[in-house]
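The values are calculated or read from the model by the stated rules, or taken from the named source; none is laboratory data. As the structure is a prediction and not an experimental result, all values here were calculated from the model. Note that each Cβ is placed from the backbone with ideal geometry, even for glycine, and that neighbours are counted across all protein chains shown.
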Amino acid sequence: MATHTTRMLIIGSGPAGLTAAIYGARAGMQPIVVQGLQPGGQLTITTDVENYPGFREVIQGPWLVQEMQAQAEHVGTRMMWDTITSVDLSGPPFRAVGDSGDVYEGDTLVICTGAQAKWLGVPGEQELSAKGVSACATCDGFFYRGKKVVVIGGGNTAVEEALYLTNHSQDVTLIHRRDSVRAEKILQDRLFAHPNIKVLWNKRVERFIGEGAGGALSGVALVDTLTGESMVEPTDGAFVAIGHAPATELFKGKLELDAGGYIVVEPGTPRTAIPGVFAAGDVMDHTYRQAVTAAGTGCMAALDAERFVAAREFAAKR
């Protein structure tokens, strides 16, 4: 067991954490990134990336995050293969303990633990991931231009995804297990008024159907929640939109969380209620959830962290 000290401790190694590390290292903060259970975040399970600025061709998510990590290390970031199991936010310094038993102390703390899409847990879902099943219309909708798509869910996210997909498809179906959606009224009005969206009410997804071994998605098997009747809805793409789960278990009772479990920050900033503690990426963003926006908030967190340290050091000299 060892104690590692730094001016900027970063928990999480997706686009937010690695961008914070790049900016922090260039500012002389000698950041430490504790990578967590899923090094690289959700980009590591994203295949084709076509919307990250600077790349005309389709790139692979794992490659992109590897390049980010290599850049962060090149400018002086220390990457630690560990998972944080407890935190003490009474600092600075802020203290985190890893599963390895090692202790990490930072004059500032940047939380970039991300969020995971919630899945249905039905047969075919994971097998057909990236073969027609997705949890992000903004990320993958472009690949279904002119094709038939379905969205599964009934909240704001599902309705927003269905409306977004009409930019690419003239045949969008929203599938919901109840007889009404929970989305805001203005979103419902847009949904029901759109000529290219139909709704299948009271339908539960039983499984996703693929075309042969290793084939692409061809349909969704449904069960009527009232009658028990089965049906198959043919489709080229299925978007599961039943919400996300932010990785904030460590911070319950220590930081303010909203109703969805996301870390609450000062509007327009990555600053939490504790001076010197910042949150960036999907752990605080339930609206955009994109690699580029995560990277942007990681940059903001690093800049604010550097200013926080500089102000404390200046005050200490007076």
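What are the residues in the stretch 97-115 that are assigned to a loop (DSSP other than H, G, I, E, B) and in contact (Cβ under 8 Å) with a residue 60 or more places away in the chain, if any? Write out each step before concluding.
Here is the first cut: in the stretch 97-115, the residues assigned to a loop (DSSP other than H, G, I, E, B) are 99-102, 112-114.
Residues satisfying the conditions are 100, 101, 102, 112, 113, 114.
Take residue 65 and decide whether it is surrounded by 14 or more Cβ atoms within 10 Å (Cβ to Cβ), within 23 Å of residue 24 (Cα to Cα), under 15 Å from the mean Cα position of the chain (by Cα) and not acidic (Asp, Glu). It is true that residue 65 is surrounded by 14 or more Cβ atoms within 10 Å (Cβ to Cβ), within 23 Å of residue 24 (Cα to Cα), under 15 Å from the mean Cα position of the chain (by Cα) and not acidic (Asp, Glu).
Could you pull out the residue among 189, 224, 179, 236 that is touching a residue at least 40 places away in the same chain (Cβ under 8 Å) and among the charged types (D, E, K, R)?
Numbers: 189 fails: touching a residue at least 40 places away in the same chain (Cβ under 8 Å); 224 fails: touching a residue at least 40 places away in the same chain (Cβ under 8 Å); 179 fails: touching a residue at least 40 places away in the same chain (Cβ under 8 Å).
Only one candidate passes the filter, namely 236.
Of all the numbered requirements in (1) closer than 17 Å to residue 292 by Cβ; (2) surrounded by 22 or more Cβ atoms within 10 Å (Cβ to Cβ); (3) modelled with pLDDT of 95 or more, residue 71 misses one, and that requirement is (2).
Looking at the stretch 1-94, the strands (runs of 3 or more DSSP E) lying wholly inside it that each contain 3 or more residues that are touching a residue at least 24 places away in the same chain (Cβ under 8 Å), over 16 Å from residue 297 (Cα atoms) and not β-branched (Val, Ile, Thr) sit at 78-80. Taking every residue in the stretch 144-164 that is more than 17 Å from residue 208 (Cβ to Cβ) and not assigned by TED's automatic domain parsing to the domain that holds residue 208 and pairing it with any residue that is at pLDDT 95 or above and of a type outside the set (Phe, Trp, Tyr), at least 6 positions away or on another chain, yields no pair with a Cβ-Cβ distance below 7 Å.
Applying the condition of being under 17 Å from residue 143 (Cα atoms) and not aromatic (Phe, Trp, Tyr) to the stretch 52-62 and asking which residue is surrounded by the most Cβ atoms within 10 Å (Cβ to Cβ) yields 61.
Yes/no matrix, rows are residues, columns are (1) in contact with a Pro (Cβ under 8 Å, 6 or more places away or on another chain); (2) surrounded by fewer than 14 Cβ atoms within 10 Å (Cβ to Cβ); (3) within 18 Å of residue 283 (Cβ to Cβ); (4) in the same structural domain as residue 290 (by TED's automatic domain parsing):
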residue: 19; (1), (2), (3), (4): no, no, yes, yes
residue: 36; (1), (2), (3), (4): no, no, yes, yes
residue: 40; (1), (2), (3), (4): yes, no, yes, yes
residue: 50; (1), (2), (3), (4): no, yes, no, yes
residue: 77; (1), (2), (3), (4): yes, no, no, yes
residue: 90; (1), (2), (3), (4): no, yes, no, yes
residue: 97; (1), (2), (3), (4): no, no, no, yes
residue: 102; (1), (2), (3), (4): no, no, no, yes
residue: 106; (1), (2), (3), (4): yes, no, yes, yes
